[in-house]
Amino acid sequence: MKLIYNPIFLKHDTGMHPENKKRLSSLGDLPITVLENGEEYLELIHTTEYIQKIKELSAQGGGHVDADTMVSKDSYEAAIYAVGATIMASKTGDFALTRPPGHHAHRNFSSGFCIFNNIAIAAQYHANQGKKVLIIDIDGHLGCSTEKIFYDSKDVMYWSLHQFPAFPGGGDAHEIGEGEGEGYTINVPLPPGSADEIFMDAIETFLPVAKEFKPDIVGISAGFDSHQYDLLLDLRLSLNIFHKIGRIFAENFNNIFATLEGGYNIEIFPRCLYNFLDGINNNEMKFSERNTDSMIQTFYEYEGRKALTVQLLKKHWKSI
């Protein structure tokens, strides 16, 4: 897995916003990829009216599309190429190092720094070709829109590990999908203060279900804001975890790709990213730190939530 990157993503100008261009410029000089224009794929997920709203606002010089999400004069261009880069990554098994991120972007409105839902568009693209798609969302926030878009689908499984409670709300153990999609949404709500051993237990507990689904392609919503020094959440993962989960995913699935979501500490983010890539690529871990532990009360709370999720999914999957 290699990085797909282009400086167009730096032109999404959000000023001093937590989601700003320093997230990518912190990585230094990167190889530049010629990108596919993703505009033609937008309507796989988004409404015509919403797409036009973003395009016009960007053409007018930008502004806020909601309380958290900004658009600048070049944001529409950056956003459609973020979609294109994610589609490219899904075809080549690579990592789309893009911004703006996507997993909070709904069909007809923006949310949580996100404009177009890169991972959902890529998933729908492959589902339309008859493929079963697994989305694993390791961002510390629930990908609320990705979950909602595929909530009644049996062709796309959505598995999220996220802090609960936290923005954007939702994502508790009861949310397992509906209709044909019942059992195809897996929410692992992690209590604030959850550290390495809880996160790894969550991966190991629900990995058999994801494998039983037998996906043809696996997309990772790769956020790194669950690290202990990130600014927006209260999870406590070490750098080591991102290497471990990269290795686990590579050992258990074929046809994996990823696209960037969160991760806002620009000193820590590059180390998390490269550890994840080294894990996926079966390389040694470059950055390490002491493993973290959860308080016993946090672990008890997690165990109760996990037990409920397991109970709800048991009637749908033999492996849990």
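The values are calculated or read from the model by the stated rules, or taken from the named source; none is laboratory data. Quick caveat, the model's predicted, so the values are computed rather than measured. FYI the Cβ positions are ideal-geometry reconstructions off the backbone, even for glycines, and counts take in every protein chain you see.
Which count do you get for residues in the range 124-150 that are among the polar types (S, T, N, Q), in a helix (DSSP H, G or I) and more than 14 Å from the chain's Cα centre (by Cα)?
Counting residues in the range 124-150 that are among the polar types (S, T, N, Q), in a helix (DSSP H, G or I) and more than 14 Å from the chain's Cα centre (by Cα) gives 1.
Scan the range 163-209 residue by residue and report those that are in contact with a Pro (Cβ under 7 Å, 6 or more places away or on another chain) and charged (D, E, K, R).
Passing the criteria: only Asp172.
Please work out which residue is nearest to Gly262 (Cα to Cα), limiting yourself to the range 23-42 and to residues that are of a type in the set (D, E, K, R) and buried (at least 17 other Cβ atoms within 10 Å of the Cβ).
Per the stated criteria, the residue is Arg23.
Collect the residues in the range 77-123 that are in a strand (DSSP E or B), of a type in the set (Gly, Ala, Ser) and crowded, with 24+ Cβ neighbours inside 10 Å, keeping them in residue-number order.
Ala96
Would you check which residues across the range 59-74 are modelled with pLDDT of 95 or more and under 12 Å from Ser110 (Cβ atoms) and list them?
Thr69, Val71
Please pick out the residue among Asn282, Asn275 that is among the polar types (S, T, N, Q), modelled with pLDDT of 95 or more and within 19 Å of the chain's Cα centre (by Cα).
None of the others qualify; the one that does is Asn275.
Given Glu77, Glu19, Glu49, Glu56, which one is charged (D, E, K, R) and without any contact (Cβ under 8 Å) to a residue 12 or more places away in the chain?
Criteria check complete, one pass: Glu56.
Are any of the residues in the range 269-282 buried (at least 18 other Cβ atoms within 10 Å of the Cβ) and within 19 Å of Pro191 (Cα to Cα)?
no
Would you mention how many residues in the range 38-64 are closer than 16 Å to Ala120 by Cβ, hydrophobic (A, V, I, L, M, F, W, C) and more than 21 Å from the chain's Cα centre (by Cα)?
Adding up the residues that qualify gives 2.
So Gly130 clears everything in (1) surrounded by fewer than 17 Cβ atoms within 10 Å (Cβ to Cβ); (2) in contact (Cβ under 8 Å) with a residue 24 or more places away in the chain except one condition, right? Which one?
(2)
For the list (1) closer than 16 Å to Gly102 by Cα; (2) in contact with a strand residue (DSSP E or B) (Cβ under 7 Å, 6 or more places away or on another chain); (3) buried (at least 20 other Cβ atoms within 10 Å of the Cβ), I need the number of the one condition that Ser58 fails.
(1)
Check every one of the strands (runs of 3 or more DSSP E) wholly within the range 151-257 and list those with 1 or more residues that are surrounded by 16 or more Cβ atoms within 10 Å (Cβ to Cβ) and without any contact (Cβ under 8 Å) to a residue 60 or more places away in the chain.
156-163, 185-190
For the range 250-286, which positions are of a type in the set (D, E, K, R) and in contact with a strand residue (DSSP E or B) (Cβ under 8 Å, 6 or more places away or on another chain)?
Glu261
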